[in-house]
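Asker: Let me begin by handing over the structure; questions about it come next.
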Amino acid sequence: MEVVIVPDAAAGGELIAEAMVELLRRKPDALLGVATGSTPLPIYEALATKVRAKAVDASRARICQLDEYVGLPAGHPESYRSVVLREVVEPLGLSPDSFMGPDGTAEDVRGACAAYDRALAEAGGVDLQLLGIGTDGHIGFNEPCSSLVSRTRIKTLTQQTREDNARFFDSPDEVPHHVITQGIGTILEARHLVLLATGERKADAVAQTVEGPVASIVPASALQLHPHATVVVDEAAASKLK
Ligand code: F6R
């Protein structure tokens, strides 16, 4: 695992966007796994700026989601499909056909999870997977005690994560209780994992991820098992590293 400490979130976004540009120059149809939440927004802004400036041709890039709420109606502005379309697919000028994610509206949720794992494999696997981290050390929505070999499946959000995500909804009660998330085993199959963490609230989780034992109580610690994992942290999120 490599750890890169940057001065602030904007610098982290710039650094990771540049890595994505380099990947797209080598492999124009790379499959880019994206996360939602606040942390990756500087990455998406920096990447869209580079694409608009024609630093790279991203027209063949493919995008896939890490996770999705269960039960939000199709087109709900906070479904992760809507968020990724708004924050990533449209700013990069890509068509919605270049983008895939788990179906959080499916009646057969288990079937939708298995179908998503199959779709990722059939697409050739994820080339670069972006990750944020929860204050409790989750990646995707693999909450503490998730199996480190888990596949895409339905998970129940902890009260802490629902509170953390309430800012995106009109009322805390509207935050869904369930999500479909790539499993930790699924995430570890991506060829390059890039986790960005910013702000002091993430400092404990970052320290446990990087310096603690590999343990399911801190799902992000599974990155230690990956041959090519990069953890980019700003100074506040790095403040509890030894
Ligand atoms: C969302 C996701 C989550 C977030 C995490 C941090 O797709 O995978 O693991 O990355 O909850 O969220 P923010 O960045 O909003 O602090």
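The values are calculated or read from the model by the stated rules, or taken from the named source; none is laboratory data. These numbers were taken from a predicted model, which means no experiment stands behind them. No Cβ is skipped: glycine too gets one built from the backbone with ideal geometry, and neighbour counts run over all protein chains shown.
Asker: How many residues, within region 143-192, are surrounded by 21 or more Cβ atoms within 10 Å (Cβ to Cβ) and within 17 Å of PRO73 (Cα to Cα)?
Answerer: 2
Asker: Those residues that are assigned to a helix (DSSP H, G or I) and under 24 Å from GLN208 (Cα atoms), I need them from region 11-40; list them, please.
Answerer: ALA11, GLY12, GLY13, LEU15, ILE16
Asker: Next question. Please work out which residue is surrounded by the most Cβ atoms within 10 Å (Cβ to Cβ), limiting yourself to region 15-46 and to residues that are over 26 Å from GLN224 (Cβ atoms) and either at pLDDT below 95 or touching a strand residue (DSSP E or B) at 6+ places or on another chain (Cβ under 9 Å) (or both).
Answerer: Looking at the filtered set, the residue picked out is LEU24.
Asker: Among what's in region 56-102 and is crowded, with 18+ Cβ neighbours inside 10 Å and among the polar types (S, T, N, Q), pick the residue that is farthest from ARG153 (Cα to Cα).
Answerer: SER98
Asker: Next question. Could you tell me which of the residues ALA203, ALA215, ALA222, ALA207 is aliphatic (A, V, I, L, M), without any contact (Cβ under 8 Å) to a residue 12 or more places away in the chain and out of contact with any Asp or Glu (no Cβ under 8 Å at 6 or more places or on another chain)?
Answerer: Exactly one of ALA203, ALA215, ALA222, ALA207 is aliphatic (A, V, I, L, M), without any contact (Cβ under 8 Å) to a residue 12 or more places away in the chain and out of contact with any Asp or Glu (no Cβ under 8 Å at 6 or more places or on another chain), namely ALA215.
Asker: Filter region 39-74 down to the residues that are touching a residue at least 60 places away in the same chain (Cβ under 8 Å), away from the ligand (no atom under 16 Å from the Cβ) and within 22 Å of GLY132 (Cα to Cα) and list them by number.
Answerer: ARG62
Asker: Here's a check for you: in region 130-163, which residue that is polar (S, T, N, Q) and out of contact with any helix residue (DSSP H, G or I) (no Cβ under 6 Å at 6 or more places or on another chain) is farthest from the ligand (Cβ to nearest atom)?
Answerer: SER147
Asker: Let me ask another. Which condition number in (1) at pLDDT 95 or above; (2) over 27 Å from ARG110 (Cα atoms) is the one that SER171 fails?
Answerer: Of everything listed in (1) at pLDDT 95 or above; (2) over 27 Å from ARG110 (Cα atoms), SER171 misses just condition (1).
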